[in-house]
Amino acid sequence: MEIPAHRKAFGTRLRELRVARGWSSQEAFALHAGLDRTYVSGIESGRRNPTLDVLARIAGALEVPLSDLFSLVTLEMGAQALSISDRRRG
């Protein structure tokens, strides 16, 4: 299964914020956020699709507004994800 562009972009943004806030270790950050390291790794690689509750937990651990997590996820990426979903249903 190909990883959607919006999930890749979100994972990249999460990694950038994590490292910029001094969390070079996924494991240390995951522990701080109350998540498993493999789950954080999956989100950063785009393989995992986190729930809103997990996103809120991540934003809290990074001490950023939830909206900051999405700054690189563009409208075009969201539209692409919707069109792929529609094709699968059709």
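The values are calculated or read from the model by the stated rules, or taken from the named source; none is laboratory data. Being a predicted model, the structure only gives us computed values, none of them experimental. Here the Cβ is made from the backbone with ideal geometry for all residues, glycine too, and neighbour counts use every protein chain on show. Accessible surface is based on the protein model in full, side chains and every heavy atom, while ligands, DNA and RNA are left aside. Shrake-Rupley method; radii C 1.70, N 1.55, O 1.52, S 1.80 Å.
Computed values, structure above
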{"read-out": "Of residues in segment 48-76 being among the charged types (D, E, K, R) and over 12 Å from residue 17 (Cβ atoms), the one surrounded by the fewest Cβ atoms within 10 Å (Cβ to Cβ)", "value": "53"}
{"read-out": "Evaluation of residue 18 against (1) open to solvent by less than 40 Å² (accessible area, probe 1.4 Å); (2) out of contact with any Leu (no Cβ under 8 Å at 6 or more places or on another chain) (one fails), failing number", "value": "(2)"}
{"read-out": "Residue identified as within 19 Å of residue 73 (Cβ to Cβ) and touching a Gly at 6+ places or on another chain (Cβ under 8 Å) among 16, 44, 2", "value": "44"}
{"read-out": "Top-ranked residue in segment 21-47 [being outside any helix (DSSP H, G or I) and open to solvent by less than 40 Å² (accessible area, probe 1.4 Å); ranked as modelled with the highest pLDDT]", "value": "35"}
{"read-out": "Filter result (out of contact with any Lys or Arg (no Cβ under 7 Å at 6 or more places or on another chain) and closer than 19 Å to residue 51 by Cβ) within segment 16-34", "value": "17, 18, 32"}
